[in-house]
Structure formats: C-alpha cells, structure tokens
2 protein chains.
Amino acid sequence: MSSEDRNTAPTAAILVIGNEILSGRTQDSSVAWIAGRLVEHGVRLREARVVPDIETEIVAAAQALSARYDYLFTTGGIGPTHDDITTDCIAKAFGVPVVVDPDAAQRLEDRYGPGNLSDARLRMARIPQGATLIENPVSAAPGFRIGNVFVMAGVPAVMRAMLDNILPTLRGGAKLLQRTVVCQVPESVLAEPLGAIQARHPDIDIGSYPWFRQGESGVSLVAQGTDARSLDTVAAEIAQMVRDLGGEPVAEA
Amino acid sequence: MSSEDRNTAPTAAILVIGNEILSGRTQDSSVAWIAGRLVEHGVRLREARVVPDIETEIVAAAQALSARYDYLFTTGGIGPTHDDITTDCIAKAFGVPVVVDPDAAQRLEDRYGPGNLSDARLRMARIPQGATLIENPVSAAPGFRIGNVFVMAGVPAVMRAMLDNILPTLRGGAKLLQRTVVCQVPESVLAEPLGAIQARHPDIDIGSYPWFRQGESGVSLVAQGTDARSLDTVAAEIAQMVRDLGGEPVAEA
C-alpha cells in the first residue's frame, strides 16, 4: 500500500473469543463479515486473532491489539453463562471495575418483563466502568465500547446488527478499491511479468491467488488501492499480460 | 481444561498469511479444517492469527507463536509470485539463509519437464537452510518444516494434502472428546444451573453456544475433556438440568 494510505486510513484488528472455533466445532464467519464491512468503510483490517475463553489470553490480546491499531473489534463471550468472561477481561485490560449499567438493565427488563431480571439476565447488563452501550436490536443484551475497543456478541446475526450500529461512528479513510482479473495461465508462467507490473506501481497491492475447482485450475489476480484510475491502468496491464501469455483474461467485479 | 491435560497434550497455533482474508475477499477455511484434524490427533489448538503479506508482521508473529506453542502451522505465501514471501520470512524468523533444495528442484522438474525450471518455478524450491520438505501430492511445490514450524500452501486442497503428511509425525496427546446437548431453554434460564455443573466438574470444559435459525432459537451445550466416563456423567447432568427446566434435551454427535 502507499505510504499516504498508511498514514491516513484508520487501522483495525479483530479478536474472536471462542473455544468453539479452536476446537473446529464452528467455522468462524465473523472475520470475513467484519472485514468486508470495514473495507467498504475505508478502515484497514490489519490482523485477526482467535483466542480461547481463558482470562489471561483475552486480556493480553486485547491490550496488545488495542494499543497497536486504531480500532479493535471483539466477538463472543458476552452472554449470561459461566463461560462468558469477555466483559470482565476487557475491564481488566483497561484497569477499571465492572458495573451494572442502568440503561442496559432497563433494556433487558423491557424484554423479559418487569420483575424478571434474574441474576443471569442482569449479568448481561454488566459493562466496564466508562464504557458506552452498543444497541442489540436482535436480543436486547447490548455490546459496549470502551476506548477504541468494540465488544460484540459472537452469534452472527447479533454481531452483524451491532456492527451496523458501530460503523457510522468510526472515522473512515479512503475506500480500498479492487480490480480482479481471472485467468488460466499457470502462476509460475505469469509470476515474472506480474512482478514487473507490481514494481512499476508501488501504490497498488497486487495479489495472486491460485484456485482449483471442478477439475479446472486458474489464478485470480487482485489489485487493490485507493485510486480508481491507477487501478484501471494496472488491471489493463494485467489483462494485456495475460493475453501476451496466450491466456484469456476475465474481469471480475 | 484439567491441569493434567495442560501438562501433557502438545499445544499449537495457526498463522494464516493472507491479505485476501483481511480484505474480506476470501473466507478462511483452513483454521476450521486444521483445528478439526488437530483435535482428532490430540493436539490442542490454542491460537489462530491472520496477518497481512508484510515481512515484519509475518516474522514477528512466527517468532512469537513458535516460541509459545509446541507446534506452529502456517498457510499461504509459498507460491512463485512476488507476493509469496513466507519462505523468506520464516528463514528470517529463524536467522538462517534461504537455499535452493535439490530434492524440491527435482520434484518441480519432474512435474514441469526437463529444462522447464524457470526462475519462477525454481523459486518454489527455495527453503530455509536446515528445513525439511513436506510433500505436495497436488501440485508438486513442497511445503517445509523448520524447528516446530510447518509451512503449508494456502490453497485448501494443497494445504489439506500437506497436513495429511504432517499429522503422523506429530506427538499426539490424549484425544479431546466432546458431548453436545442441544435444547431450546433460553441461556439466561439455564445459566445458573449450568454454572453449578461446571463448578462440580473442573476437569471438563462446558461451553454454551446460542443459535438462531429459521425463526427458532436454542442453545448447544458442549462438554469437552479427555475422560469419556466423566463426559458421559456431565452430559447426563446437563440433560437432566434441561428436563428440570421444562426443556427437551437432544444429544448430538
């Protein structure tokens, strides 16, 4: 990426808290989802981590990632059960106590009915002192923001709804655009001329992603950058390179 | 998990090297796949990270993760194009030079035909000095092992084939077993009795995973541990708890 982009676009990391991902029981889908939304918003996702439901691991990762990037998004571990320890861990990471938020308690009572706020339900109204709530239109129990950390649910539908509420509050940078050219020229044949195109355009990131499907193989060549005209130039050069190598370039959206 | 398990089962991390994951263009599937295979083999996956194709990031993550866990598996960045920098980064992480491996060069020449080893193809025969090859039955270009780090391709079919060759060489621990009970009792209702079951069985990890699908909602309660009898006891207690709360427990494989 260009140094200009590196200086101006905000950066982000994702911290997925979940034994179920590390045991292979569940395929994570939140990284791909959040990544796609951040791209639209001009925020550069620089790292994603999955850690287990262990306090020291969550605290250390939250501190490291929130110190290093402009924004940190976490998913998972904010429900009512014993294995939901994210709120306490994030409070520890910021060195603040956990408090019951009256607004959050009200939202939960509105949902469960007056007098139905059991200890377990009230647990979902606990947030680190100084945090602000993130609305949860799906199941009432809110997420929260503290400093540059956004704490969201792990359930995809809830996480997505929370993210919709977060995105308008973020500082966005120049949107990262991309052009994709697909071809069936082997990577080892196009490597050299592709490298030459990359060398001529240091402000554009060119990635080469081979694929195999249904007995066929090919390569997706993806150019990313913030300037649409430069990207069009690079995409045209890539397409011409493919034709020069005897292939048929196909532009993909 | 029990302290006994923590002491005896080898631990592992996964490092996914790929801008395409962080840009949201590609949904990672390698973490879930490797996680599932490691569980079968008795290796505990403790962390997964996704980093971009930037040398300093890859070197730092490889050093941190290989120092901390018994095994580190990397995917991505070992092809012939300019953005394939994993080999050089892993060599840097270990402080050794990169060399052309004669066996790897031979395998590539066998595939591409005598005299057809272009510079780009020969690039895939480069490995850190002291590394050993990991066979690639799909597309010839090998992965490699150096120290406790296993460097694999990013293309899923190739990664999976490489992993099949790696697994028999790993030290395995007691296999992590699990029992799953699904029910439609709200999490906030079962939280307290479930916490009591967890407190009675510190050697078993009990996770609670709410889900919403096709207008229905429920919770998967997952118990993990290495002792089948203890797990059966815990699963029976969870099922009884669900019945006591007026729900219908369904055991899942």
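Read-outs: derived from the displayed coordinates by stated rules, not from any lab. Computed from a prediction, not measured in an experiment: that's the story for all the values here. Note that we place each Cβ from the backbone using ideal geometry, even for glycine, and neighbour counts take in every protein chain shown.
The figures follow:
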item	result
Rg followed by Dmax, in Å, when the range B:7-46 is reduced to its Cα trace	12.3, 39
Partners for B:Lys92 among aspartates and glutamates (Cα-Cα distance below 15 Å; same-chain residues under 8 apart left out)	B:Asp53, B:Glu55, B:Glu57, B:Asp84
Point-to-point label distance, B:Ser230-B:Arg243, nm (Cα→Cβ direction, 7 Å offset)	2.5 nm
Phi to ³J(HN,Hα) by Karplus 6.51 cos²θ - 1.76 cosθ + 1.60 over the range B:236-244, Hz, x for Gly, Pro	5, 5, 5, 4, 5, 4, 4, 4, 4
Protection proxy ranking, peptides B:114-121, A:116-123, average beta carbon neighbours within 10 Å, highest first	A:116-123, B:114-121
Mean separation of Cα contacts under 8 Å, 6 or more apart, over the residue count of the range A:177-252: relative contact order %	47 percent
Stokes-Einstein D in µm²/s, Kirkwood radius over Cα pairs - the protein assembly as shown at 4 °C with 1.567 mPa s viscosity	53 µm²/s
Largest to smallest principal axis extent of the C-alpha atoms in the range A:133-253, angstrom	58, 35, 19
Rh by Kirkwood over Cα pairs, then Stokes-Einstein D for the range B:183-253 at 1.002 mPa s and 20 °C, µm²/s	173 µm²/s
Shielding by other protein chains, B:217-223, mean Cβ within 10 Å	2
Test item: A:30-36 mean partner chain Cβ contacts at 10 Å	5
Principal axes of chain B: Cα extent on each, largest first, Å	73, 41, 32
Ellipticity estimate at 222 nm from DSSP helix runs (n ≥ 4, -39,500 (n - 2.57)) divided over chain B, nearest 500	-12000 deg cm²/dmol
The range B:41-126: equivalent-ellipsoid semi-axes (sqrt of 5 x gyration tensor eigenvalues, Cα, Å)	28, 15, 12
Chain B - percent relative contact order, Cα under 8 Å, separation 6 or more	18 percent
Residues of type aspartates and glutamates that A:Lys175 reaches as a straight line, Cα spacing below 17 Å, ignoring anything fewer than 8 places off in the same chain	A:Glu4, A:Asp5, A:Glu40, A:Asp70, A:Asp203, A:Asp205, A:Asp227, A:Asp232, B:Glu20
Per-residue mean of C-beta atoms belonging to partner chains within 10 Å, peptide A:179-192	4
Exposure proxy order (Cβ contacts within 10 Å, fewest to most) of A:Val185, A:Val151, A:Val98	A:Val98, A:Val185, A:Val151
Separation of alpha-carbon centers, the range B:171-228 and the range A:146-209, rounded to whole Å	35 Å
Contact order normalised by residue count of the range B:136-198, Cα under 8 Å, 6+ apart, percent	22 percent
Ranking of A:Phe150, B:Phe94 by count of other Cβ atoms within 10 Å, fewest first	B:Phe94, A:Phe150
Ranked B:Thr11, B:Thr81, A:Thr8, B:Thr86, criterion: other C-beta atoms within 10 Å, fewest first	A:Thr8, B:Thr11, B:Thr81, B:Thr86
